[in-house]
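All remarks here apply to the structure that follows.
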């Protein structure tokens, strides 16, 4: 299946917005989509995760790290709505556009 994936930061430092289309097997998780994007374009889509009891938590994308001090995090959206699952369990469908947006809480 093909999934659109974009990363956006309009919050701090140098603003950026990048988008890509990746092909993954049906039933793949969002984490797998992110891994393929990072393999195909490491300069842009590289990311880091941290293992938590809820599964992998994305701490950094494109060199921009979430911070409890600044109350920032990477929020994942589909069609403008926050995902109800983590990147390790959410399974995008064909043609879906997933956005990672650097956000505050």
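Just so you know, all these numbers are worked out from the coordinates, no wet-lab data involved. None of these values were measured; they are calculated from a predicted model. Please note: Cβ atoms are built from the backbone with ideal geometry, for glycine as well, and neighbour counts cover all protein chains shown.
Observations
- Sum of -39500 (n - 2.57) over DSSP H runs of 4+, divided by residues of the chain (222 nm, nearest 500): -3500 deg cm²/dmol
- Helix 30-40 vs. the chain, principal-axis angle (Cα, 0 to 90°, nearest 10): 90
- Cα gyration tensor, the stretch 1-46 - rounded (a/c under 1.5), prolate or oblate: prolate
- Protection-proxy order for peptides 91-97, 65-71, each taking the mean of Cβ atoms within 10 Å per residue, highest first: 91-97, 65-71
- Distance (nanometres) between label positions extended 7 Å along Cα→Cβ at residue 81 and residue 26: 2.3
- Taking the convex hull of the alpha carbon positions in the chain and averaging its projected area over all directions gives 6.3 nm².
- Going by neighbour counts of Cβ atoms within 10 Å, the residues 1, 98 line up, fewest first, as 1, 98.
- Between the stretch 70-105 and the stretch 1-36, the Cα center-to-center distance that results, in Å: 10
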